[in-house]
Amino acid sequence: MKVVTWNVNSIRTRLERALRWLEREAPDVLCLQELKCTEEQFPFESLSEVGYTSSVHGQKTYNGVAILSRSEPSDVERGFGDGVEDEQARMISARVAGVRILSLYVPNGSEVGSEKYAYKLEWMQRLREYLERACQPSEPLLLCGDFNVAPDDLDVAQPENWNETVLCHSEVRAALARILDWGLVDSFRQRHPQEVAYTWWDYRNLGFPRNEGLRIDHILATEPLSRRCVDVAIDRNERKGKKPSDHAPLYIILED
DNA sequence: ATGGTTGCTTAGCAA
């Protein structure tokens, strides 16, 4: 089973790329973030024509997440269901082929000390509480998405430029550690303990050509799935060429 | 050098 997470930075702008990529890679599941459209605007038909059913939690202009699957999903949920009034579409979950999958877009946080930063920390705490309330570490579960957190300086091309900013701050790293402590592993880092690799490169300042990136997209797995993991990798090629997203897809292969 | 890029929406915000 191949499961992929990809911040597409607008599904409508990236549609042709996404379709060609799906035809080539044929994953079982594709988690998307930053759709930047409502469910009404989402291209269900085009994706259906290449073999995927889409479960969508959309929002006008910003955010938006989806789970695309070859087989029919069940138990689709949008948001944490924790009673918090929150307009931002950053979480959708579904069960596919016996695996519960979450597609997550963790808030960026803008600047340390801002309202957006406080929202990021609160949102990560709500995710931890959702795990405690609705999930079990013993179940097959994947958290896929743009976490907007580089877990370690090893995951940052120029740590001195990002020191204590929103993607690297000790508080957000601790918040991610709290989520992992519930019963998840960073599948990429488990598979490649020392590898230097990034999933996001800024559009500005020749970030990609200079490989000045950060590893902020992650697939977190519970033990029943980390045990089945045979590969985790970043599709760096998808960041190349005309009109790429600023993020590359990250995938995990699970043996059946 | 207070820069640079992209997307959504239309000049300002978010990333």
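Computed from the coordinates by the stated procedures, all read-outs in this text should not be read as laboratory data. Since the structure is predicted, the reported quantities are computational estimates derived from the model, not experimental observations. Backbone-built Cβ (ideal geometry, glycine too); neighbour counts: all protein chains shown.
What ranking do A:91, A:1 get, fewest neighbouring Cβ atoms within 10 angstrom at the top?
A:1, A:91
With a cut-off of at most 11 other beta carbons within 10 Å, and DSSP calling the residue loop, which GluC sites (Glu not before Pro) in region A:59-116 qualify? Please list them.
The qualifying sites are A:85, A:87, A:111.
Which of the trypsin sites (Lys or Arg not before Pro) found in region A:174-256 are loop residues per DSSP with 13 or fewer other Cβ atoms within 10 Å of their Cβ?
Hits after loop and neighbour filter: A:210, A:227, A:240, A:242.
By the 4.7 Å beta carbon criterion, which cysteine residues of chain A come out unpaired?
Singleton cysteines: A:37, A:135, A:168, A:229.
With a 10 Å Cβ neighbour count serving as the proxy for reagent exposure, in which order, fewest first, do A:232, A:8, A:76 appear?
Lowest to highest Cβ neighbour count: A:76, A:232, A:8.
Which FRET efficiency value, to the nearest 0.05, is calculated for residue A:114 and residue A:158 with the Förster distance at 22 angstrom and r the Cβ-Cβ distance?
Computed FRET efficiency for residue A:114 and residue A:158 comes out at 0.45.
To the nearest Å, what is the center-to-center distance of region A:86-114 and region A:5-67, using C-alpha atoms only?
15
By the gyration tensor of its Cα atoms, with a ≥ b ≥ c the square roots of the eigenvalues, what is the shape of chain A: rounded for a/c under 1.5, prolate for a/b over b/c, or oblate?
The shape class here is rounded.
Give me the mean projected area, in nm² to one decimal, of the convex hull enclosing the Cα positions of region A:101-206.
7.3
Full extension from residue A:165 to residue A:128: what is 0.36 nm times the residue separation minus their Cα-Cα distance, to one decimal in nm?
11.1 nm
By how many nm would the segment from residue A:60 to residue A:174 grow when fully extended, if each residue of separation counts as 0.36 nm and the alpha-carbon distance is taken off?
Length difference between fully extended and current span is 37.9 nm.
Assuming R0 = 25 Å, can you tell me the calculated FRET efficiency for the pair residue A:253 and residue A:49, based on Cβ-Cβ distance, to the nearest 0.05?
Once the sixth-power term is evaluated, E becomes 0.45.
Taking the beta-carbon count within 10 Å as an exposure proxy, list A:44, A:188, A:208, A:147 from fewest neighbours to most.
The fewest-first ordering by Cβ neighbours comes to A:44, A:208, A:188, A:147.
Which value in deg cm²/dmol, rounded to the nearest 500, describes the helix-derived mean residue ellipticity at 222 nm for chain A, given -39,500 (n - 2.57) per DSSP H run of n ≥ 4 and division by the residue count?
It lands at -7000 deg cm²/dmol.
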